[in-house]
Amino acid sequence: MGQTVSYLLDSVVLIDHLNGVAGATRFIERHGRELTVSAITRAEVLAGFDEADVPLGVALLDSFRFLSMDAEVADEAARIRRQTRLKLPDAIQAAFATCHGLKLATRNTKDFPAGKFSFVEIPYRLR
């Protein structure tokens, strides 16, 4: 039997799911128990909700394992940013993934081009 891969959900995957993008929903349904969100994903997703709908966003986010930011992740994010010039939120996501041994599930191929980073997986594409 193959090894289970655990994923860090990038904000765009959850936003796509909330917007009815079938590829995002299928990915979340297929890997539900293996999914984690970071503090940055939680903040980015909740920032997009109207105040009245925040409880719906919280309920969705609370269904995933949650990672808080600590000094190790912050230091790794700074190193990644210096080396790659990624925007800080993307460097933080990369640091969460690498520090916790997770694959970053994203469709953000602008900042995370396929094949450039070994910790990135592009689970679907928009047509």
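The values are calculated or read from the model by the stated rules, or taken from the named source; none is laboratory data. From a predicted model like this one, the values you see are computed outputs, not experimental measurements. Virtual Cβ from ideal backbone geometry, glycine too; neighbours counted across all protein chains shown.
Determine if region 40-55 includes at least one residue that is on the phi > 0 side of the Ramachandran plot and free of Cβ contacts under 8 Å to residues at least 60 places away in the same chain. Looking for residues that are on the phi > 0 side of the Ramachandran plot and free of Cβ contacts under 8 Å to residues at least 60 places away in the same chain, one finds none in region 40-55, hence no.
When region 5-44 is examined, which residues are found to be among the β-branched types (Val, Ile, Thr) and part of a loop (DSSP other than H, G, I, E, B)? I'd like the intermediate steps shown before the answer.
Here is the first cut: in region 5-44, the ones among the β-branched types (Val, Ile, Thr) are 5, 12-13, 15, 21, 25, 28, 36-37, 40-41.
Hits for region 5-44 are 5, 21.
All of 25, 98, 106 fail the test of being surrounded by fewer than 17 Cβ atoms within 10 Å (Cβ to Cβ) and of a type outside the set (Gly, Ala, Ser), apart from 25.
Filter region 35-56 for residues that are surrounded by 16 or more Cβ atoms within 10 Å (Cβ to Cβ) and either of a type in the set (D, E, K, R) or in contact with a Lys or Arg (Cβ under 6 Å, 6 or more places away or on another chain) (or both) and give the result. The answer is 36, 42, 44.
Can you tell me which residues in region 102-116 are of a type in the set (Lys, Arg) and not in a loop (DSSP other than H, G, I, E, B)? Even if it seems obvious, please write down each step before you answer.
Step one: list which residues in region 102-116 are of a type in the set (Lys, Arg), which gives 103, 107, 110, 116.
Once the filter is applied, which keeps residues that are of a type in the set (Lys, Arg) and not in a loop (DSSP other than H, G, I, E, B), region 102-116 yields only 103.
Of the residues in region 1-22, how many are under 15 Å from residue 104 (Cβ atoms), surrounded by fewer than 20 Cβ atoms within 10 Å (Cβ to Cβ) and polar (S, T, N, Q)? Number satisfying all stated conditions: 1.
Here is a yes/no grid of residues against (1) at pLDDT 95 or above; (2) touching a strand residue (DSSP E or B) at 6+ places or on another chain (Cβ under 9 Å); (3) among the small types (Gly, Ala, Ser):
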| residue | (1), (2), (3) |
| --- | --- |
| 26 | yes, no, no |
| 29 | yes, no, no |
| 39 | yes, yes, yes |
| 42 | yes, yes, no |
| 47 | yes, no, yes |
| 58 | yes, no, no |
| 62 | yes, no, no |
| 68 | yes, yes, yes |
| 72 | yes, no, no |
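So, residue 27, is that one farther than 27 Å from residue 127 by Cα and within 16 Å of the chain's Cα centre (by Cα) or not? Walk me through it before giving the result.
Values: farther than 27 Å from residue 127 by Cα: no; within 16 Å of the chain's Cα centre (by Cα): yes.
Taking the combined requirement at face value, the residue does not satisfy it.
Suppose we filter region 45-82 for residues that are in a loop (DSSP other than H, G, I, E, B), more than 16 Å from residue 13 (Cα to Cα) and under 16 Å from the mean Cα position of the chain (by Cα); how many remain?
Pass one, region 45-82, residues in a loop (DSSP other than H, G, I, E, B): 48-50, 62-64, 68-70.
Next, only the ones that are more than 16 Å from residue 13 (Cα to Cα) stay: 50, 68-70.
Narrowing further to those that are under 16 Å from the mean Cα position of the chain (by Cα): 68-69.
Summing the residues that are in a loop (DSSP other than H, G, I, E, B), more than 16 Å from residue 13 (Cα to Cα) and under 16 Å from the mean Cα position of the chain (by Cα) in region 45-82 gives 2.
Only one entry of 65, 107, 127, 81 meets the criterion of being basic (Lys, Arg), touching a helix residue (DSSP H, G or I) at 6+ places or on another chain (Cβ under 7 Å) and within 25 Å of residue 18 (Cβ to Cβ), and that entry is 107.
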